[in-house]
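Every number in this text was worked out from the coordinates using simple rules, so none of it is lab data. Remember, predicted model here, so these are calculated numbers, not experimental data.
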Amino acid sequence: MLRVVAEPPQVFWAPLMPAAGNVLINITGMLFGIMAFNINPLPFFASLLVGHVLIAGYAARDPHISGLISAWMVSRRKTTNLVPTTGNKYVP
């Protein structure tokens, strides 16, 4: 259990979630670029590599960035009050 917490999942030295997002954005852009504008896919692979290196460099400083992104997404949810109130306060 402690090893899983101490060593988050990584793909080639980058945290899994940001690396997967980088791949998803670049591959989607590449496919749309090829289909719509007949663009050469080589620049997309270069940007994928540069993005991965930047994510891996940031992960060397903060290896738990995937957990931080997940916690941030959960904290962005709006709360719903069961009792009508004025302002932005939470009443269960």
Given 0.36 nm per residue, what is the gain on full extension from ALA20 to VAL53 after removing their alpha carbon distance, in nm?
10.6 nm
What relative contact order, as a whole-number percentage, does the range 9-75 give when Cα pairs under 8 Å and 6 or more residues apart are counted?
44
Take the range 9-75, compute every pairwise Cα distance, and split them into 5 Å bins from 0; I just need the percent in each bin.
4, 18, 23, 19, 15, 11, 7, 3, 0
